[in-house]
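The values are calculated or read from the model by the stated rules, or taken from the named source; none is laboratory data. Remember, predicted model here, so these are calculated numbers, not experimental data. Cβ placement follows ideal geometry from the backbone for every residue including glycine, while neighbour counts extend to all protein chains displayed.
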Amino acid sequence: MVLPVLALLLAIALWSIAVAAAQLRCIDAARDGARAVARGESDAVATEVARAAAPDGAQVAVRHDGDRVVVVVTARVGVGSGPLAAIPAPTVSTTATTVAETARAP
């Protein structure tokens, strides 16, 4: 009786770690994308930079809000198996905002 409960708790713990890891990868990806745009890279390059750091299948959006650059990375974490399949797959998302560098006259 105890062994199945321990196995379920282990599966839940591993699933939780996977969700946390995906969230951290989204944070890094959004920061990388925002940094790229702030350095003067195009939105397309920044999107590719963010996608490279993001979890597989993540969506990346880059938008400009005045002199600020906003990068949003959203990823859906895989569904569990066995009894965990009943738990809906969470979506993790993060936003990074930075001010775009502008050329200054000497």
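Looking only at segment 30-44, count how many residues are under 16 Å from ALA58 (Cα atoms) and either exposed (fewer than 15 other Cβ atoms within 10 Å of the Cβ) or among the β-branched types (Val, Ile, Thr) (or both).
1
Return yes when ARG63 is buried (at least 16 other Cβ atoms within 10 Å of the Cβ) and among the basic types (Lys, Arg) and no when it is not.
No.
Among (1) free of Cβ contacts under 8 Å to residues at least 40 places away in the same chain; (2) assigned to a strand (DSSP E or B), where does THR94 come up short?
It fails just one condition, (1).
Using the structure shown, decide if ALA89 is modelled with pLDDT under 90, surrounded by fewer than 17 Cβ atoms within 10 Å (Cβ to Cβ) and under 17 Å from the mean Cα position of the chain (by Cα).
So ALA89 fits the description; yes.
Just the residues that are farther than 15 Å from THR95 by Cβ, of a type in the set (Ser, Thr, Tyr) and in a helix (DSSP H, G or I), please, taken from segment 13-69.
Of everything in segment 13-69, just one residue is farther than 15 Å from THR95 by Cβ, of a type in the set (Ser, Thr, Tyr) and in a helix (DSSP H, G or I), namely SER16.
Out of the residues in segment 31-49 that are under 12 Å from VAL72 (Cα atoms) and touching a residue at least 40 places away in the same chain (Cβ under 8 Å), state the one that is farthest from the chain's Cα centre (by Cα).
Taking the candidates together, the pick is ALA34.
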